[in-house]
Amino acid sequence: MGKAVPPVHTHSEQTAASAPFPANLVSGRGAASNPEARFEREQRQLEDDGWGLLEELPPLTTQCQNEVSRSIITRNTSPDLPFDHSINPYRGCEHGCTYCFARPSHAYMGLSPGLDFETRLYAKGNAAEVLERDLSKPSYKPKPIAMGTNTDPYQPIERTHQLMRQILEVLERCGHPVSIITKSALILRDKDILARMAERNLVSVRLSVTTEDRHHARSMEPRASTPANRFKAIETLAAAGVPTGVMVAPVIPGLTDHELEGILTHAKDAGASAATYILLRMPREVSELFKDWLLREAPGRYRHVLSLMRSMRGGKDYDPQWNRRFRGDGPYAEQLSRRFQLACRRLELSTRGGKLSTEHFVPPQKGGVQLSLF
């Protein structure tokens with residue numbers, strides 16, 4: 001067994017703390033602390049030595065490292081997920097959504113699910129190359145690939161790395177279907193590819209909207225596109241012929257759930273043809289990080305939000321059970337589901353994703369496949 005590698009932090013050990021950082025250091029970030037990864041043996045704590053040196057440090061900056069991948073398609077057998085295959089070109093997410101259920105995955109990198117998750121990122125630079133190789137294998141059977149299921153493929157660093165566009169280029173050439181979920185209007189950069197793929201029923205898109213409240217959106221999702229720009233993205237993609245819907249996610253009871261019908265109506269007016277929703281999920285470290293956000297940004301709602309959440313999670317902050325984790329359980333969860341169904345019926349929004357085509361798939365003729373001698 002090798003020795004555990006301690007986490008690396010932007011401001012060395014001065015930032016490796018579970019206590020909240022000075023506000024000037026975390027401006028524009030969703031988390032306000034950097035708790036140690038749960039697998040690490042050492043714990044560090046900020047201590048004020050009286051000199052106020054932390055206040056003099058510059059704000060945290062985003063760092064992105066290249067990751068060489070051996071494979072790029074992730075497979076799952078979860079019975080409550082509508083997809084088998086997915087791709088995540090990035091680890092961590094600069095959007096910095098405080099509630100992001102993917103935050104705990106950074107612990108496997110020896111990094112914090114807090115500020116590290118949104119400032120210490122990894123880009124799978126060879127993603128398109130590896131994808132082309134994987135699709136060319138004789139044993140590969142085409143199934144729709146889901147993107148944006150863990151971290152957002154259109155987060156700000158995509159402007160520079162352009163991994164998503166490279167992946168879409170491979171999928172378009174091969175006639176391979178893909179579904180995309182994002183909180184970013186950056187997806188409009190790839191409207192040309194998406195429109196061409198839509199003509200062959202190879203793509204569907206969902207824009208994720210949590211709230212239309214600009215204050216809450218700016219605080220909870222500090223580097224995601226504004227809600228208005230997400231609705232504009234729905235309008236633009238739908239006008240281009242791309243099947244586009246809205247995902248109301250996460251629904252936060254006692255804070256944003258009253259907006260459910262309004263978001264669905266706004267999305268329909270913009271051209272959305274389908275909708276879904278997901279209840280707030282707070283696995284592992286997300287629970288404390290989100291509760292910290294509530295105390296900072298909406299202290300008057302703190303007890304009410306947690307009370308409603310726990311009423312839908314069997315008295316706990318989170319219930320990971322299949323078929324319950326996305327919707328919750330109990331009277332309040334049933335009421336939320338009923339409201340969603342009634343609104344979608346009234347607005348004529350489909351609550352089921354359309355079936356994408358696999359009939360156009362043609363395996364690439366390269367990617368390291370050994371050719372026959374005869």
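The values are calculated or read from the model by the stated rules, or taken from the named source; none is laboratory data. Please read these numbers as outputs of a predicted model, since none were measured by experiment. Ideal geometry is used to build each Cβ from the backbone, glycine not excepted, and the neighbour counts take in all protein chains shown. The protein model used for the area step is the full one, side chains on, heavy atoms only, and it has no ligands, DNA or RNA in it. Shrake-Rupley method; radii C 1.70, N 1.55, O 1.52, S 1.80 Å.
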Fraction of alpha-carbon pairs over 26 Å apart in segment 175-330 - percent: 32
Net length gained if the chain between S27 and R218 were fully extended (0.36 nm per residue, minus Cα distance): 67.6 nm
Length gained when the stretch T265-A228 is fully extended (0.36 nm per residue, less Cα-Cα span): 12.0 nm
Computed E for L295/S337 - FRET, C-beta separation, R0 35 angstrom, nearest 0.05: 0.75
Residue-level accessible surface for T62, protein heavy atoms, 1.4 Å, Å²: 50
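Once R0 is set to 35 Å, what does the formula 1/(1 + (r/R0)^6) return for the Cβ-Cβ distance between E359 and V68, expressed as a FRET efficiency to the nearest 0.05?
On the way: r = 34 Å, r/R0 = 0.96.
In this case the efficiency is close to 0.55.
I'd like to compare 135-148, 312-325, 165-178: which one has the highest average count of other Cβ atoms within 10 Å, and what's the full order after that?
Details: 135-148: 16.8, 312-325: 15.1, 165-178: 20.2.
Highest mean packing first, the order is 165-178, 135-148, 312-325.
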Mean projected area in nm² (Cα convex hull; one quarter of hull surface) for segment 242-374: 12.9
Gap separating the Cα centres of segment 72-143 and segment 268-322, nearest whole Å: 23
Heavy-atom SASA rank of K191, K183 (probe 1.4 Å, accessible area, largest first): K191, K183
